[in-house]
Each structure stands twice: as C-alpha cells, then as structure tokens.
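In what follows, a single structure is set out as structure tokens and then discussed.
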Amino acid sequence: MIITLIVAWIVFIILWKLLKATVSTALTLAAILILLNISFGITPQDIWHYVTQFAQSLSQIKSGK
C-alpha cells in the first residue's frame, strides 16, 4: 500500500512538472506572437509560411537540387 502511494506520488510530481513546463512554453510562445504582431505586424500565418518555406529549402538542399 505504501509503495503504491509512493509510486503514485512520483508519477503525479512528474506529470505536474511536465504540465507546468508545457503551459509555460505555450504562454511564452503566445506572448512572443502577440508582441511580434503588435510591434511589427507579423501574423502567425506569416511565421508558419516562413517555417514551411524553410523546411522545403532544407529538403531541397538535402536532396541536392
């Protein structure tokens, strides 16, 4: 019984830290996107378009074209 509680507590702590890190990262990214939009007029769609173009460029470089 005690071992089960200890294992459950450890799993709970790990999941809590993971959730906290995920929320922190999401809030940081949201703040960056909002600041880019307010400051420079860059939208999330603009960023996504650049990322996809960059990925295509990398795949072309890798294939040697």
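Every number here is computed from the coordinates shown, using simple stated rules; none is lab data. What you see is a predicted model, and the numbers here were worked out from it, not measured in a lab. Positions of Cβ are generated from backbone atoms using ideal geometry, with glycine treated the same way; all protein chains shown enter the neighbour counts.
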Report task. Relative to the longest principal axis of the C-alpha atoms of the chain, give the angle of the C-alpha long axis of helix 44-63, reported between 0 and 90° and rounded to the nearest 10°. Result -> 80
Report summary line: In degrees, nearest 10, the alpha-carbon axis of helix 2-40 is tilted away from the dominant principal axis of the alpha carbons of the chain by 20
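Can you give the alpha-carbon Rg of the chain over 2.2 N^0.38 Å, where N counts its residues?
On the way: Rg = 20.5 Å, N = 65, 2.2 N^0.38 = 10.7 Å.
Its radius of gyration relative to the 2.2 N^0.38 Å reference: 1.90.
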Query raised in the report: With each label point set 7 Å from Cα along the Cα-Cβ vector, what nm distance links Val7 and Leu27?
Result: 3.4
